[in-house]
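What follows is a set of notes on a single structure, which appears directly below.
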Amino acid sequence: GAGVSQSPSNKVTEKGKDVELRCDPISGHTALYWYRQRLGQGLEFLIYFQGNSAPDKSGLPSDRFSAERTGESVSTLTIQRTQQEDSAVYLCASSPWTAGGVNEQFFGPGTRLTVL
Amino acid sequence: SQQGEEDPQALSIQEGENATMNCSYKTSINNLQWYRQNSGRGLVHLILIRSNEREKHSGRLRVTLDTSKKSSSLLITASRAADTASYFCATPPDSWGKLQFGAGTQVVVTP
């Protein structure tokens, strides 16, 4: 596609339920990132994929959070047993990987998650 | 933890005026990036400046970088109502490419 897409755009769920968020990166981009943005704040890094591997999961806040990527393309972020503090906008970004971390990231529109 | 801290937190100006915002960071970097976010959703990359560069221009944007002070500034000249957005600086803390963002500067440009 022309850009990074994410689905759903909005998700309202009840506390304790599991949710899956999807990201379709730009075709050919080997690097994929997930970030979380709470209201009025900056972005928090969650996890980074290079191809289908995740060399950096340091930002995942708890073991309730997991992510996978398949076919060096689509990625899903799963949050199990959601809590109210999980409410945020979840943003995905992709980039063509370059050495040394010098890369522009292309962001999707985000998924707004609300946990009641 | 946040690597970059933007200043001011909010800025209100009239169309045609210039807007300047600053970013300070803590650790050594090989580049610093500025992004714009409209309506709390997706971010748009504005400009990337490498650590060996001191100034960079892109249209009405001018970015400076002072590695000795660990600071950067973003100047938007002749602002327009469409420039109303939140602006974030971001730096990569390692070579993997993930970015650390500040809390952002919210800019409002009134006609």
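Laboratory data are not the source of any read-out in this text; all were calculated from the coordinates shown. It should be emphasised that the depicted structure is a prediction, and the values quoted were computed from it without experimental measurement. Backbone-built Cβ (ideal geometry, glycine too); neighbour counts: all protein chains shown.
Projected label points at A:Ser58 and A:Arg81, each 7 Å from Cα along the beta carbon direction, are separated by 2.7 nanometres.
Taken about its Cα centre, chain B carries a charge dipole of roughly 260 debye when the Cβ of each Lys and Arg holds +1 and the Cβ of each Asp and Glu holds -1. Any idea what the dipole of chain A comes to, in debye rounded to 20, about its Cα centre with Lys/Arg Cβ at +1 and Asp/Glu Cβ at -1? I would put it at about 280 debye.
What number, in percent, do you get for the relative contact order of the range B:11-111 if the mean sequence gap of Cα pairs under 8 Å and at least 6 apart is divided by its residue count?
36
Within the protein assembly as shown, the proportion of C-alpha pairs whose separation exceeds 24 Å stands at 43%.
Can you tell me the dipole magnitude for the protein assembly as shown around its Cα centre, using point charges on the Cβ only (Lys, Arg +1; Asp, Glu -1), in Debye to the nearest 20?
Roughly 60 debye for the protein assembly as shown.
Which residues does a label at B:Thr27 reach in the range B:78-111, if reach means a backbone N under 20 Å from a point 7 Å past the Cα toward the Cβ? Within reach of a label on B:Thr27, which here means backbone N under 20 Å from a point 7 Å along Cα→Cβ, the range B:78-111 contributes B:89-104. The ratio of the alpha-carbon radius of gyration of the range B:63-111 to the globular-protein estimate 2.2 N^0.38 Å is 1.40. If R0 is taken as 22 Å, the Cβ-Cβ distance between B:Thr64 and B:Ser12 corresponds to a FRET efficiency of 0.45. Where a ≥ b ≥ c are the square roots of the eigenvalues of the C-alpha gyration tensor, would you call chain A rounded, which needs a/c under 1.5, or, failing that, prolate if a/b is larger than b/c, or oblate? Prolate, since a/c reaches 1.5 and a/b exceeds b/c. Scanning the protein assembly as shown for cysteines with no neighbouring cysteine C-beta under 4.7 angstrom from their C-beta gives an empty result.
Using per-residue counts of other Cβ atoms within 10 Å, averaged over each peptide, order B:79-87, B:6-14 from highest down. Provide the component values of the computation, followed by the final result.
Working: B:79-87: 17.2, B:6-14: 15.2.
Per-residue mean Cβ counts within 10 Å order the peptides as B:79-87, B:6-14.
Kirkwood radius and radius of gyration were both taken over the C-alpha atoms of the range B:1-102, and their ratio Rg/Rh is 0.95. Taking the three principal axes of the alpha carbon atoms in the range A:20-82, the coordinate ranges are 32, 24, 19 Å, sorted in descending order.
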